[in-house]
Amino acid sequence: MYLKALMLQGFKSFPEKTVLTFDQSITAIVGPNGSGKSNLSDAVRWVMGEQSTRALRGGRMEDVIFGGTAKRRQTGYAQVSLVLDNSDHRLPREENEVMVTRRYYRSGESEYYINRDAVRLKDVSELFLDTGLGREGYAIIGQGRIDEILSQRSTDRREVFEEAAGISRFRHRKEEAQRKLERTDENLLRVNDKVDELE
Ligand code: ATP
């Protein structure tokens, strides 16, 4: 699996539709200070479901939308698509190429797509579980992330290793099953109360 392309439109300092294509070798992005290098890694993080505005170096989610300049009006939405080569099927999809898209409007509405099908944020997060990509992934080491990992609680640190070992998916499923069990217990309690009332 490797990153084939990144498409941005209205994201941070990229008002125009911008397409970057990558091959399997090493890619370096160079440019003067403030030219938008970090905005590109923010875009990769964002399209994979990042919800923390701090991680995206902004105050509000709206800050990811191109805010306009003296010469150019602000845009109404930000959109980023990520195309991954999936010929090794590391992503749990049959397709050899997977495109993930996120769109965010100034009104606060969010949309996610996987290969052009509208999906939920949960589907995007699940797609990337155990791949090292995604919100909790370690594939992107941002500024300050090393310090953060070293100073984190040991349980938080364990999550980084769980993701690398490929067992996050199971922890995730276990937590979901536990939540369902708790809800079922509560429902059972309510049913028993009703039965008691009727007897
Ligand atoms: P450095 O080398 O200093 O780390 P960089 O190349 O990584 O810089 P970025 O931090 O990616 O640069 O880009 C910063 C630029 O992006 C700033 O000029 C900032 O004004 C612009 N920018 C960020 N968010 C928006 C936005 N919502 N609308 C328009 N421009 C934005």
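Here are some notes:
- Scanning the range 2-17 for residues that are more than 8 Å from the ligand (Cβ to nearest atom) and surrounded by fewer than 17 Cβ atoms within 10 Å (Cβ to Cβ) yields Y2, A5, E16, K17.
- Spans of helices (runs of 4 or more DSSP H) in the range 119-199 with at least 3 residues surrounded by 12 or more Cβ atoms within 10 Å (Cβ to Cβ), acidic (D, E) and assigned by TED's automatic domain parsing to the domain that holds G49: 154-165
- In the range 114-134, the residues that are hydrophobic (A, V, I, L, M, F, W, C) and touching a strand residue (DSSP E or B) at 6+ places or on another chain (Cβ under 9 Å): I114, A118, V119, L121, V124, L127, F128, L133
- Condition check for L82: of a type in the set (A, V, I, L, M, F, W, C), farther than 20 Å from K4 by Cα and crowded, with 19+ Cβ neighbours inside 10 Å: no
- Neighbours by Cβ (under 9 Å, 6+ apart or cross-chain): first from the range 22-36, of a type in the set (A, V, I, L, M); second more than 9 Å from the ligand (Cβ to nearest atom): I29/L20
- Search result, residues across the range 103-118 that are among the small types (G, A, S), under 13 Å from Y77 (Cβ atoms) and surrounded by 10 or more Cβ atoms within 10 Å (Cβ to Cβ): S110
- Complete set of residues in the range 38-55 that are surrounded by 14 or more Cβ atoms within 10 Å (Cβ to Cβ) and without any contact (Cβ under 8 Å) to a residue 40 or more places away in the chain: N39, L40, D42, A43, T53
The values are calculated or read from the model by the stated rules, or taken from the named source; none is laboratory data. Predicted, not measured: the structure shown is a model, and the values here were computed from it. Quick reminder, even Gly has a Cβ in these numbers, built from the backbone with ideal geometry, and neighbours come from all protein chains shown.
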